[in-house]
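Peer 1: Here it is: the structure, laid out below.
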Amino acid sequence: MTVASALRKKRRNLQSDRKANLHQLYSSDDVIKLYEISRNTLTNWIADGLPFIDAGSRLFRGSDLNAFHSRRRLKAAGEPLGRFLVNCFGCKRSHSLLEGDVSVSPGRTDGIFRVSKICPDTGVRANRFVCREELDTLQRLRETDPGSKTPD
Ligand SMILES: [Zn+2]
């Protein structure tokens, strides 16, 4: 099975091509409706690491939902989680290139591309150099992300 067909298959199974609005809070019922899942599936997602805010009832951040599904898509595609992380010299942590705003520019070498992300905490630009194949994979994994182009 190719990565692409595995992705398509998984995506159907997981209903993970639906996107949450980054800056919205969702109740359990909202999440169930958005992804057309059962209450059991939501419980499984929480067990699998989906974060929530305990505000009497559970609330889910749109950004957490999207990040959770990015991670699941990576897992489903058999991609190591670290492959699309970029080391940040600003905050000394790493950031995921699968979420939020990234920019791509050609590298100095043919077939090499620079993927940049601005550190949300320090404003420092973190770069990762990838080959064409990695860039394709990155874009496929990001393709359902509306990013910052969607006005709120
Ligand atoms: Zn940083």
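Peer 1: With every protein chain left in place, what is the accessible area of D110 in Å² (1.4 Å probe, nearest 10)?
Peer 2: For D110, the solvent-accessible surface is approximately 150 Å².
Peer 1: Cα to Cα, under 12 Å, and not fewer than 8 places away if on the same chain: which aspartates and glutamates meet these conditions relative to K92?
Peer 2: Answer for K92, where 12 Å is the Cα cut-off: D121, listed by chain and number.
Peer 1: Please give the net charge around L59, taking every other residue with its beta carbon less than 12 angstrom from that of L59, where Lys and Arg add +1 and Asp and Glu add -1.
Peer 2: Value of the local net charge: -2.
Peer 1: Got a number for carbon plus sulfur as a percent of the stretch 82-145's accessible area, 1.4 Å probe? Walk me through the numbers on the way to the answer.
Peer 2: Details: 1740 of 3730 Å².
The C+S portion of the solvent-accessible surface of the stretch 82-145 is 47 percent.
Peer 1: Quick one: accessible surface of K75, probe radius 1.4 Å, all protein chains present, in square angstrom to the nearest 10.
Peer 2: 140 Å²
Peer 1: Take the alpha carbon gyration tensor of the stretch 82-145, find the square roots of its eigenvalues, order them as a ≥ b ≥ c, and report rounded if a/c is under 1.5; if not, report prolate when a/b exceeds b/c, else oblate.
Peer 2: Taking the square roots of the gyration eigenvalues as a ≥ b ≥ c, the stretch 82-145 is oblate.
Peer 1: Could you compute the net charge surrounding S116? Neighbours are other residues with a C-beta less than 9 Å from the C-beta of S116; K and R count +1, D and E count -1.
Peer 2: With Lys, Arg at +1 and Asp, Glu at -1, the net is +4.
Peer 1: Leaving ligands, DNA and RNA out of it, rank I32, I112 by accessible area with a 1.4 Å probe, largest first.
Peer 2: Of I32, I112, the descending order of accessible area is I112, I32.
Peer 1: Tell me the net charge near V130. Cut-off is 12 Å between Cβ atoms, V130 excluded, with +1 for each Lys or Arg and -1 for each Asp or Glu.
Peer 2: Its environment carries a net charge of +1.
The values are calculated or read from the model by the stated rules, or taken from the named source; none is laboratory data. Fair warning: this is a prediction, and the values are worked out from it, not measured in the lab. With ideal geometry, Cβ positions are generated from the backbone for all residues, glycine too; neighbour counts draw on all protein chains shown. Areas reflect the complete protein model, heavy atoms only, side chains present, ligands, DNA and RNA absent. Shrake-Rupley method; radii C 1.70, N 1.55, O 1.52, S 1.80 Å.
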